Amino acid sequence: MHPAENKVRAEAISARINDAYKTLSNPLLRAQYLLGLRGVDVANDEALKVEEPDLLMAVLEAHEEIVEAEAEEDLDTPREENDARIAASEQALEHAFQHDDVDAAKHEAVRLRYWVNIKESLDNWEKGKDAVLEH
């Protein structure tokens, strides 16, 4: 409904608004954005890996459950467990940002990235299809 001379500008503004909404509504993208404002690039910094044996074991176990699933229902419990991990990470990130604890936020954003990748594998599960976890 914009005049022709303003259409390109209106489309660009609309695209920015959509990107902002997507970023703010996604906990991982929101954390990455907020850390980016502080000069930390968690999305692309390969040095930011978590070296927690318990975390890595949980990720491997989740991957095994996805691979071994025979039916969609087999993933109900892993989904619930992973949703709980995501919620806990979101709370930890909120606490870290409220207290301006950048190190804790970096650490938790990396953990959340693992949980989000597991969620994507759970959501994209198909019988007989390999589950690929990326980080």
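Within region 1-81, considering only helices (runs of 4 or more DSSP H) that don't extend past its boundaries, which have at least 3 residues that are modelled with pLDDT under 90? Break it down stepwise before answering.
On the way: elements: 4-25, 27-37, 53-68.
So the answer is 4-25, 53-68.
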* Asked: Right, Glu90: acidic (Asp, Glu), buried (at least 17 other Cβ atoms within 10 Å of the Cβ) and closer than 14 Å to Trp115 by Cβ or not?
  -> yes
* To do: Output the number of the condition that Ala87 fails; it satisfies all remaining conditions of (1) out of contact with any Lys or Arg (no Cβ under 9 Å at 6 or more places or on another chain); (2) farther than 15 Å from Pro27 by Cβ; (3) at pLDDT 95 or above.
  => (2)
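Return a yes/no flag: does region 47-59 have any residue that is of a type in the set (Gly, Ala, Ser), surrounded by 12 or more Cβ atoms within 10 Å (Cβ to Cβ) and within 15 Å of Arg113 (Cα to Cα).
Initial filter on region 47-59 (of a type in the set (Gly, Ala, Ser)): 47, 58.
Adding the requirement that they be surrounded by 12 or more Cβ atoms within 10 Å (Cβ to Cβ) leaves 58.
Restricting the remaining residues to those that are within 15 Å of Arg113 (Cα to Cα) gives 58.
Checked region 47-59: at least one residue is of a type in the set (Gly, Ala, Ser), surrounded by 12 or more Cβ atoms within 10 Å (Cβ to Cβ) and within 15 Å of Arg113 (Cα to Cα).
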* **Where a residue in region 13-25 is among the hydroxyl-bearing types (Ser, Thr, Tyr) and its partner, wherever it lies, is at pLDDT 85 or above, with Cβ under 7 Å and at least six apart** => Thr23/Leu29; Thr23/Arg30; Thr23/Tyr33
* Structure fact -> When Trp125 is run through (1) part of a helix (DSSP H, G or I); (2) touching an Asp or Glu at 6+ places or on another chain (Cβ under 8 Å), the failure sits at (1)
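Inspect region 112-126 for any residue being over 14 Å from the mean Cα position of the chain (by Cα), surrounded by 11 or more Cβ atoms within 10 Å (Cβ to Cβ) and at pLDDT below 95 and give the result as yes or no. First the steps, then the outcome.
Initial filter on region 112-126 (over 14 Å from the mean Cα position of the chain (by Cα)): 124-126.
From what is left, the residues that are surrounded by 11 or more Cβ atoms within 10 Å (Cβ to Cβ) are 124-125.
Next, from what is left, pick out any that are at pLDDT below 95: 124-125.
Yes, region 112-126 has at least one match.
Which residues, taken from region 56-101, are within 15 Å of the chain's Cα centre (by Cα) and touching a residue at least 24 places away in the same chain (Cβ under 8 Å)? Write out each step before concluding.
First, the residues of region 56-101 that are within 15 Å of the chain's Cα centre (by Cα): 59, 79, 82-94.
Passing the criteria: Val59, Arg79, Asn82, Asp83, Arg85, Ile86, Ser89, Glu90, Leu93.
The values are calculated or read from the model by the stated rules, or taken from the named source; none is laboratory data. Not measured: the values here are computed from a predicted model. So basically every Cβ, Gly included, is an ideal-geometry build from the backbone, and we count neighbours across all protein chains shown.
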